[in-house]
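Shown next, in structure tokens, is the structure this report addresses.
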Amino acid sequence: MQNSTRNFYFRDDLPTHHQSYCAFLDVLGFSDQITESHLKNTHNSLLNQFHQTLNESIQLLNEYSTHGLTSIRSLTDNLIICIPQISRDMESELGSILSLITSFQMTMIRGGFFIRGGLAIGDLFVDQHSVFGPALIEAYQIETKISVNPIVTLSQSTASLVQQHLSYYARGWDPHRKDILINSDGNYFINYLSECVEDERILVSSIENHKDQVITKLNEHRSNPRIFSKYSWVAEYHNYFCSMITGYPEYTSDLTIEEQLIHPSFSQLPLQD
């Protein structure tokens, strides 16, 4: 860990809490994937795919980290990202951590791994060995209890800060509006597909890749309603995002996921001979 980060979490060489953003991120259904891969003798293939994708993701996070202030901890399929408060209202820090989480989600999804998590704000302690404090606990609880689908949900206190930041700007000029959406339960979550809009154009190949990954998961889990429903939600989110970008010249309706793939189909009992 760089000294610039250490200075926030130590006072007189003693560890101390410091107000920070903390994200707890987890690969959706990874335990089931590990179990199934061992049964099918594909565990080394899964390991290689995950190892390569995770390394690429963390390398990008390290490149995008802000002035050495970002702390990243990884354990198996869990990732913790922490950024300490350096400004009065923590607006720039929020922009930084949203960008990091979005980049992580998109990179992992390209490798076939969808991410679920929580983003909280509160007291935190971080050093080269550990992360400690209520912000981590809240982020973990959001991931396990609220983010049922593969999304990263904001804590109520983080959502309140977003509203405060939005009040600084004239309508339509607020920078966080494109990065955050509101779920059907009223919770704020990170609109990671916003990374597919760059320099006033849409990245068609990235949207197509996301579509392909979602369809693969839908087909893979069609016989498992519990898991299928999670990827059905992602498909609906994908199509909602597409509805937000119809004004771009590169947009075509082929970018959306067909409804019959998202929703279960029904049929009558076959006639008996």
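The values are calculated or read from the model by the stated rules, or taken from the named source; none is laboratory data. Note that the structure is a prediction, hence the values are computed from the model and not measured. Here the Cβ positions follow ideal geometry from the backbone for every residue, glycine too, while neighbour counts run over all protein chains shown. Accessible surface is based on the protein model in full, side chains and every heavy atom, while ligands, DNA and RNA are left aside. Shrake-Rupley method; radii C 1.70, N 1.55, O 1.52, S 1.80 Å.
Quick notes
- Residues of the stretch 221-263 that turn out to be open to solvent by 100 Å² or more (accessible area, probe 1.4 Å), under 16 Å from ILE207 (Cα atoms) and over 23 Å from the mean Cα position of the chain (by Cα), as a count: 3
- Checked against the criterion of being surrounded by fewer than 17 Cβ atoms within 10 Å (Cβ to Cβ) and of a type outside the set (S, T, N, Q), the candidates PHE266, PHE189 yield just one match: PHE266.
- Within the stretch 76-98, residues that are among the β-branched types (Val, Ile, Thr) sit with their Cβ atoms under 7 Å from residues that are open to solvent by less than 30 Å² (accessible area, probe 1.4 Å) and part of a loop (DSSP other than H, G, I, E, B), at 6+ positions apart or across chains, in these pairs: ILE81/THR70; ILE83/LEU69; ILE83/THR70; ILE86/LEU69.
- Among the residues of the stretch 257-273, those that are closer than 12 Å to ARG222 by Cα and either touching a residue at least 60 places away in the same chain (Cβ under 8 Å) or part of a loop (DSSP other than H, G, I, E, B) (or both) comprise HIS263, PRO264, SER265.
- Filtering the stretch 151-182 to residues that are at pLDDT 95 or above and in a loop (DSSP other than H, G, I, E, B) leaves ILE151, SER155.
- Within the stretch 187-208, tally of residues that are more than 22 Å from THR107 (Cβ to Cβ) and at pLDDT below 95: 1
- Residue check for SER96: of a type in the set (Gly, Ala, Ser), closer than 23 Å to GLY122 by Cα, crowded, with 18+ Cβ neighbours inside 10 Å and at pLDDT 90 or above: yes
- Residue check for SER184: closer than 23 Å to PHE241 by Cα and crowded, with 18+ Cβ neighbours inside 10 Å: no
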